[in-house]
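The values are calculated or read from the model by the stated rules, or taken from the named source; none is laboratory data. None of the values given here were measured: they were computed from a predicted structure. Here the Cβ positions follow ideal geometry from the backbone for every residue, glycine too, while neighbour counts run over all protein chains shown.
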């Protein structure tokens, strides 16, 4: 009776080893590139204007984030990817009791980053990201009060630092869902008033899809 048990044990061991080899082979040829699209909102703190005893009111506008990533290395525990997320805020409404602020502004924030995914071969993979890049703000050509022409500077460009975290949910080998929160710490737009601030937090929260390809 010992011989059948021994043969059965050998067959089970071979099956496990074969399954592991197949899984490793699939991981070895898994796609290294990805593109992503995320829709959400950018939350901003209303800046205070000294001397007016009032804040500039911002609307936390709808934003779009497009990204590209390339996986540098991976194992069963983690993976490291270089990524380039770009956040686009097409219309941020501006309101203030004074008569000199533009009616709106838009922003483009581009930050090459390094992202670490944990448990990348599972269906749920949390991650963290950090990077440094550049951002540009374009203020509206009209003033918020009565729509007159904006006499001030309308453009500003500066360094952006990005920190983020999120969760990827795998649907298929190529398709995944992503929920994320990223803080793009940037310069400030030209609002024609002195808020005493040279930096601002652009807190983006959104969800979207990822497409992996070789």
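Details
- Being within 12 Å of the chain's Cα centre (by Cα) and on the phi < 0 side of the Ramachandran plot is a description that applies to residue 204.
- Qualifying residue in the stretch 110-124 (condition: under 19 Å from residue 44 (Cβ atoms), touching a residue at least 60 places away in the same chain (Cβ under 8 Å) and part of a strand (DSSP E or B)): no
- Criterion applied to 41, 45, 71, 93 was being at pLDDT below 95 and assigned to a strand (DSSP E or B), and the one residue passing it is 93.
- Residues being outside any strand (DSSP E or B) and farther than 18 Å from residue 55 by Cα - total across the stretch 188-214: 1
- Residue within the stretch 83-90 that is within 20 Å of the chain's Cα centre (by Cα), exposed (fewer than 14 other Cβ atoms within 10 Å of the Cβ), touching a residue at least 24 places away in the same chain (Cβ under 8 Å) and within 29 Å of residue 191 (Cα to Cα) present: yes
- Any hit, the stretch 169-181, residues being within 19 Å of residue 59 (Cα to Cα) and either at pLDDT 95 or above or in the same structural domain as residue 69 (by TED's automatic domain parsing) (or both): yes
- Per the conditions (1) surrounded by fewer than 13 Cβ atoms within 10 Å (Cβ to Cβ); (2) over 21 Å from the mean Cα position of the chain (by Cα); (3) at pLDDT 90 or above, the sole criterion not satisfied by residue 22 is (3).
- When the test is whether a residue is closer than 30 Å to residue 214 by Cβ, crowded, with 16+ Cβ neighbours inside 10 Å and at pLDDT 95 or above, residue 111 passes it.
- Set 158, 152: member being in the same structural domain as residue 52 (by TED's automatic domain parsing) and more than 19 Å from the chain's Cα centre (by Cα): 152
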